[in-house]
Amino acid sequence: MISNWVGFYTLSSREVMRFFSVWKQTIIPGVVTTLLYIFVFGVALENRISEIDGVSYKIYILPGLLMMNVITNATANAASSMLQMKLLQTLPELLITPLSSLELSLSFIIGGAVRGFVNGALILLICWLAGMPINNLFFTLLSIFLVSWSFASLGLLIGQLSDSWDQLALIQNFVITPFSFLGGIFYSIKMLPVWAMNISLVNPIFYAISTLRYATLGVADASFKSSFIFLVVFATLSTVAAVKTMQTGKKIRF
Amino acid sequence: MENLGIEIVNLHKKYDDVHAVQGIDLSIKKGEFYGLLGPNGAGKSTTINSITSLVKPTSGNIKILGKDIVSDFRYARSQVGIAAQELSNDWFFPLEDLLYYQAGFYGVTRKDAQQRIEYILEKLGLYEHRKKKMRMLSGGMKRRLQIAKALVHDPQILILDEPTAGVDVELRHDLWKYLKELHAEGKTILLTTHYIDEAELLCERVGIIDQGKLIVEDTVKNLKSMVNKSGIVIHTKDRGLNLDQLLDDFKPSITHNRIEILTKTPNIDLPKIILKLSENNVIIEDIQLPQASLEDVFLELTGRKIND
């Protein structure tokens, strides 16, 4: 359990301050990309694409875009903070302190989760201003938080096991991004052939988008209850995986 | 043992096919200034990184102030400050913040750390640079910052891994002076170095480590006396008398007017030799007392030079 509370608080706030200190790189890009999507799909393509589940296409894709931003930011923050500390030799200065593996992991996860959540909340505001309804604000924010937390945990795990920026980029480009696109940002998985639909059913990002789509628009591919439970289980498992990996000391203690 | 700062028992570390540390035992008393001397790759860093748990030993036990570093890791780590050999870097925060963070990791609140951090910044000549980020610091300043980080939580034990590697002469002397002060305050200091003069100047006891083994440890003075190289060199005005016969007791080697005598006790032998030469009207032009160095000790024990 956590007992070095001062240390835990210090590292968590360092992780949060780290990304706030470079907010132009960590907060603005997500906001700008979302505005571009809204502009392109809303102004240019709106009339050429039909509605999905009775929702205009421009609005239908917003929860997915929001989740993609949350996922990218949360993963990138924890992963790059860990890898950067490793490469810049600051990690040993952290590992020699009386912080337990649990305290270390949770602090990195909090950093990533806060960045994911801040991005998510800002984009939610933009989406709302662009006309996206928010059916249930509580579950909207809760699902953003859960997804943020889960992917921050995975990011930490990836960061710990990576040796270089190349490896990190490889995972971002060939795992996270494809899974996001295949999770149903731009379409309902009902539009897919059966085999592709079945694959989507084991993609955590599909449930992340589905939960948020239901909490905001009131429509979704999976039932709200099952996708929400999936997210809670996924968050728990990814946290345990990150903490356990930290405890092994793999690639950080030799 | 109550009065030990660091206690290492039978430490082994194997990396795949390399047996980097092969059964090291080390007991460093509280308040002692101990030097671990050895060539690059001898196992010095592996040993000290085992103390700070950056290295997971293959076998062996380590205690800090009597507490095990695994079962009592919070206490053990809170009592140790370490300045690593590799300089760290940070892109985000001014160095003052870095020190507050470092203190925080050890459980020291910002308020409690303030006075100490200001003192350390001042002491290490970093106060005026406290608002700068690390990329604006010179190499020497980064080295000082690293030592400052090791001291923020006021540890009883300070471990310095090659603290003066790549540091200019002036800064090296400043650091030595500061380390002496810290030692005088009662800190236990473990220093690794491959600079002979550094170990000779600072350390009360020195352990020489080579190929993963501690091959000898003793005070600098005792180590030097192990080597029969402390000697006396005398130049006389002319060869004159039969010097060989005259100084037969001291087994001199004489070439022209140069007499060289190897002895472990030059302070006792020198007056006798001077007396003998004077009695026989040999005029002495010059006397030298070349000292054995730890380098000679290393050479004698391993047959190699330390920095080869």
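The values are calculated or read from the model by the stated rules, or taken from the named source; none is laboratory data. For clarity, every value in this text was computed on a predicted model and none was experimentally measured. FYI the Cβ positions are ideal-geometry reconstructions off the backbone, even for glycines, and counts take in every protein chain you see. To get the accessible areas, we keep the full protein, side chains included, count just its heavy atoms, and leave off ligands, DNA and RNA. Shrake-Rupley method; radii C 1.70, N 1.55, O 1.52, S 1.80 Å.
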**Any hit, region A:46-58, residues being open to solvent by less than 20 Å² (accessible area, probe 1.4 Å), at pLDDT below 90 and touching a Cys at 6+ places or on another chain (Cβ under 8 Å)** = no
**Prompt:** Just one of B:120, B:159 is surrounded by 20 or more Cβ atoms within 10 Å (Cβ to Cβ) and part of a helix (DSSP H, G or I); which is it?
**Reply:** B:120
**Message:** Any residue at all in region B:95-112 that's more than 8 Å from every other protein chain (Cβ to nearest Cβ), more than 26 Å from residue B:192 (Cα to Cα) and among the basic types (Lys, Arg)?
**Reply:** yes
**Asked** In region A:65-80, which residues are surrounded by 24 or more Cβ atoms within 10 Å (Cβ to Cβ) and within 14 Å of chain B (Cβ to nearest Cβ)?
**Response** A:77
**Asked** Restricting attention to region B:123-138, and to residues there that are under 25 Å from residue A:95 (Cα atoms) and part of a helix (DSSP H, G or I), which single residue is nearest to the chain's Cα centre (by Cα)?
**Response** B:134
**Asked** Applying the selection to region A:31-44, what residues are surrounded by 12 or more Cβ atoms within 10 Å (Cβ to Cβ) and farther than 17 Å from residue A:114 by Cβ?
**Response** A:33, A:34, A:35, A:37, A:38, A:39, A:40, A:41, A:42
**Message:** If I ask for residues that are outside any helix (DSSP H, G or I) and either more than 7 Å from every other protein chain (Cβ to nearest Cβ) or under 16 Å from residue A:115 (Cα atoms) (or both), which ones from region A:4-30 would you list?
**Reply:** A:21, A:22, A:27
**Request:** Return yes or no: is residue A:111 open to solvent by less than 10 Å² (accessible area, probe 1.4 Å), in a helix (DSSP H, G or I) and within 14 Å of another protein chain (Cβ to nearest Cβ)?
**Result:** yes
**Complete:** Within region B:8-28, residues open to solvent by less than 40 Å² (accessible area, probe 1.4 Å) and either of a type in the set (Lys, Arg) or within 12 Å of residue B:65 (Cα to Cα) (or both) come out as B:8, B:13, B:28
**Asked** Can you name the residue in region B:29-47 that is open to solvent by less than 30 Å² (accessible area, probe 1.4 Å) and at pLDDT 90 or above and is also nearest to the other protein chains (Cβ to nearest Cβ) among such residues?
**Response** B:46
**Prompt:** assigned to a helix (DSSP H, G or I) and in contact with a strand residue (DSSP E or B) (Cβ under 9 Å, 6 or more places away or on another chain), is that true of residue A:63?
**Reply:** no
**Prompt:** Tally time: how many residues in region B:250-308 are open to solvent by 60 Å² or more (accessible area, probe 1.4 Å), touching a Gly at 6+ places or on another chain (Cβ under 7 Å) and not hydrophobic (A, V, I, L, M, F, W, C)?
**Reply:** 1
**Message:** If the requirement is being within 14 Å of chain B (Cβ to nearest Cβ), more than 17 Å from residue A:19 (Cβ to Cβ) and either free of Cβ contacts under 8 Å to residues at least 24 places away in the same chain or part of a helix (DSSP H, G or I) (or both), which of these qualifies: A:102, A:142?
**Reply:** A:102
**Request:** Report, by residue number, each residue of region B:89-117 that is among the charged types (D, E, K, R) and either open to solvent by 60 Å² or more (accessible area, probe 1.4 Å) or touching a Pro at 6+ places or on another chain (Cβ under 6 Å) (or both).
**Result:** B:110, B:111, B:112
**Request:** For region B:181-195, state whether one or more residues are at pLDDT below 85 and under 30 Å from residue A:99 (Cα atoms).
**Result:** yes
**Request:** Report whether or not residue B:53 is out of contact with any Asp or Glu (no Cβ under 6 Å at 6 or more places or on another chain), within 20 Å of residue A:252 (Cα to Cα) and more than 7 Å from every other protein chain (Cβ to nearest Cβ).
**Result:** no
**Asked** Only one of B:306, B:268, B:234 is among the β-branched types (Val, Ile, Thr) and touching a Phe, Trp or Tyr at 6+ places or on another chain (Cβ under 8 Å); which?
**Response** B:306
**Fill in**
Filter region A:228-251 for residues that are within 14 Å of chain B (Cβ to nearest Cβ) and assigned to a helix (DSSP H, G or I); the one that is nearest to residue A:142 (Cα to Cα) is A:246
**Request:** Run down A:176, A:189, A:158 and say which single residue is touching a residue at least 24 places away in the same chain (Cβ under 8 Å) and in contact with an Asp or Glu (Cβ under 6 Å, 6 or more places away or on another chain).
**Result:** A:189
**Item:** Close pairs (8 angstrom Cβ cut-off, 6 or more residues apart or separate chains): touching a residue at least 12 places away in the same chain (Cβ under 8 Å) and facing chain A (nearest Cβ under 7 Å) in region B:77-94, assigned to a loop (DSSP other than H, G, I, E, B) and small (Gly, Ala, Ser) anywhere
**Value:** B:77/B:53; B:78/B:107; B:92/A:21
**Prompt:** Do we have any residue at all in region B:56-63 that's surrounded by fewer than 24 Cβ atoms within 10 Å (Cβ to Cβ), away from chain A (no Cβ under 11 Å) and under 22 Å from the mean Cα position of the chain (by Cα)?
**Reply:** yes
